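The values are calculated or read from the model by the stated rules, or taken from the named source; none is laboratory data. Worth saying up front: this structure is predicted, and the values here are computed from it rather than measured. Note that we place each Cβ from the backbone using ideal geometry, even for glycine, and neighbour counts take in every protein chain shown.
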């Protein structure tokens, strides 16, 4: 699967910069490619689509986002059980870090069911949706950036 097969859109992040009521950030990932390939990568060893707790979401920077306001990186979704990449897509660091900040603030304001929601669609048709609490951020050398990451309290990495 190519990275350009994916479109990413987010909702409910603007409230964090205003006095508006908190809303759970949502990320919509729409895949425009062969459905069977995406479905295969999202299928676990039990032949069912992966559950939220069987996936991880991370962002790997390509350059220093503090020095370059136009820095980019790669959002990756992986199968937590096998460690295999499900897919990756390119995104601007500023956009991803803003999303993570909104998810962090939403978690502080709610007693919720996850800090953000990920919906993966195929050509606009929903395939799976996950409620997630963790979003790890790594620098270009592969070092975890704890301050930038969304890590629930009590989780040891």
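Couple of notes before you dig in:
- Selection from the stretch 47-76 of residues that are closer than 19 Å to residue 129 by Cβ and out of contact with any strand residue (DSSP E or B) (no Cβ under 7 Å at 6 or more places or on another chain): 48, 51, 53
- Residue in the stretch 2-10 that is surrounded by fewer than 16 Cβ atoms within 10 Å (Cβ to Cβ) and part of a loop (DSSP other than H, G, I, E, B) present: yes
- Where residue 38 falls short, out of the listed (1) closer than 20 Å to residue 128 by Cα; (2) over 17 Å from the mean Cα position of the chain (by Cα); (3) surrounded by 13 or more Cβ atoms within 10 Å (Cβ to Cβ); (4) at pLDDT 90 or above: (2)
- Considering only residues in the stretch 16-48 that are touching a helix residue (DSSP H, G or I) at 6+ places or on another chain (Cβ under 7 Å) and in contact (Cβ under 8 Å) with a residue 40 or more places away in the chain, the one that is nearest to residue 100 (Cα to Cα) turns out to be 25.
- Of the residues making up the stretch 105-120, just one is in contact with a strand residue (DSSP E or B) (Cβ under 6 Å, 6 or more places away or on another chain), surrounded by fewer than 18 Cβ atoms within 10 Å (Cβ to Cβ) and in contact (Cβ under 8 Å) with a residue 24 or more places away in the chain, namely 119.
- Enumeration of residues in the stretch 121-141 that are out of contact with any helix residue (DSSP H, G or I) (no Cβ under 9 Å at 6 or more places or on another chain), without any contact (Cβ under 8 Å) to a residue 60 or more places away in the chain and within 22 Å of residue 23 (Cβ to Cβ): 126
- Being surrounded by 16 or more Cβ atoms within 10 Å (Cβ to Cβ), part of a strand (DSSP E or B) and under 12 Å from the mean Cα position of the chain (by Cα) is a property that holds for residue 89.
- Residues of the stretch 121-148 that are surrounded by 13 or more Cβ atoms within 10 Å (Cβ to Cβ) and more than 11 Å from the chain's Cα centre (by Cα): 121, 122, 127, 128, 129, 138, 139, 140, 144, 145, 148.
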